[in-house]
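The values are calculated or read from the model by the stated rules, or taken from the named source; none is laboratory data. Just so you know, these numbers come straight off a predicted model, no measurement behind them. When we count neighbours, we look across all protein chains shown, and the Cβ atoms used for this are built from the backbone with ideal geometry, even at glycine. Note: areas computed on protein heavy atoms with side chains; ligands, DNA, RNA excluded. Shrake-Rupley method; radii C 1.70, N 1.55, O 1.52, S 1.80 Å.
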Amino acid sequence: PSPAMLAGNKGFSVSTEALDDTLANYPAAHVEILRWWWDLAKERAWSLSVLARQCGVSSTVLSRVFRGEYNAEIDSTIEKLARAKANFAEQVNNPDFIMTSLAKRMFAIFDKTRALQTVTIMWGQKGIGKTTIEEEYQKLQPHGGTVYFRCPGHGCTLFQFVGIMGKAMHISQSNHSVMVMRDKIAHYLSRGNRLLIVDELHEIFLTCKPRETIRICEWLRELYDTSGCGLALTGTDALHKEFFRGTHKEVLAQLVDRGTIQIQLPSKPTKSDVVEFLRHYGLKFPTESDA
């Protein structure tokens with residue numbers, strides 16, 4: 001790239017694909033820091049100049065580092081980014097996230113799904129905290145190793161579904177056909193030991209036309225087969241009904257049969273969870289003397 005293209009005031013246009021290629025040439029410790037800042041900037045729609053202000057490294061240096069064009073010694077830059085990350089992380093940590101028994105169980109399942117590169121289907125009642133746990137798990141994973149994707153609840157086509165997922169991965173969609181986007185998503189998920197969490201999958205059955213529902217589920221099966229990533233599918237009890245007793249259960253059988261781990265999540269917190277909630281908020285169990 002020319003110096004003009006690398007100027008800090010030209011925006012932060014490093015794509016997911018370009019970043020993956022660049023990070024392949026950096027040590028693992030550097031990758032974690034760079035990926036963290038890149039993900040944060042993309043999630044908050046920061047320009048390169050805003051990112052530079054947040055981390056204390058010049059926009060020109062950042063641009064060159066993220067593009068693999070920085071020829072100087074990079075260790076001092078990584079040290080600055082690491083210190084800035086530690087300070088920033090203290091400000092954005094979720095102080096109200098509680099590691100309940102459900103969170104511990106789901107974290108362990110996600111770890112296993114990634115390690116075995118298998119498919120997991122989890123379902124449970126609404127309001128038990130699945131989404132919060134999944135979002136927290138993604139935040140805690142380094143190197144961009146976990147992609148969290150929430151299915152739209154307004155109905156969609158396969159083309160729209162692929163586009164929304166690509167956006168969740170910060171993959172450029174400029175003038176790309178659905179076939180190109182599918183290839184880009186599969187390529188991204190095939191890099192490293194990645195996990196894709198698809199949340200609220202029951203919405204696809206409840207809001208999409210039957211033909212699109214089948215196409216979306218078939219693509220998820222194909223995506224798993226071609227990328228080799230771990231795939232966690234989560235939703236309400238309606239998800240289990242559709243997969244195992246619904247109209248399309250024969251079509252979905254191909255996805256279910258891929259060594260799938262099937263887990264029904266508990267519908268209510270344990271007593272120890274309630275104790276942890278009360279302790280977190282400075283409360284205690286009522287006693288007879290409180291009556």
FRET E, pair S267, K167, Förster distance 25 Å, beta-carbon r, rounded to 0.05
0.15
How high is the relative contact order of the stretch 27-174? Use alpha-carbon pairs under 8 Å, at least six apart in sequence, and give a whole percent.
25 percent
Dipole of the chain (Lys/Arg Cβ +1, Asp/Glu Cβ -1, origin at the Cα centre): which of Q262, L34, V57 lies farthest to the positive side?
Q262
Counting only heavy atoms of the protein chains, get the accessible area per residue of the stretch 116-252 (1.4 Å probe) and round it to a whole Å² value.
42 Å²
State the Kirkwood hydrodynamic radius of the chain in Å, one decimal place, computed from all pairs of distinct Cα atoms.
21.0 Å
Below 8 Å between Cα atoms, with a sequence gap of 6+, how large is the relative contact order for the chain in percent?
23 percent
nm² value of the averaged projected area, convex hull over the Cα atoms of the stretch 25-69:
3.0 nm²
Determine the order of M179, M169 by accessible area, beginning with the largest, at a probe radius of 1.4 Å.
M179, M169
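Hey, with R₀ at 35 Å, roughly what FRET efficiency would L278 and E43 work out to, going by the Cβ-Cβ distance, to 0.05?
0.60
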Once you have the Cα-Cα distance between N87 and H187, take 0.36 nm times their residue separation minus that, and quote the gain in nm to one decimal.
32.7 nm
For the pair A238 and K112, how long in nm is the line joining their label points, each one 7 Å along Cα→Cβ?
2.8 nm
What distance in nm separates the simple spin-label points at D257 and L140, each placed 7 Å from Cα in the Cβ direction?
3.6 nm
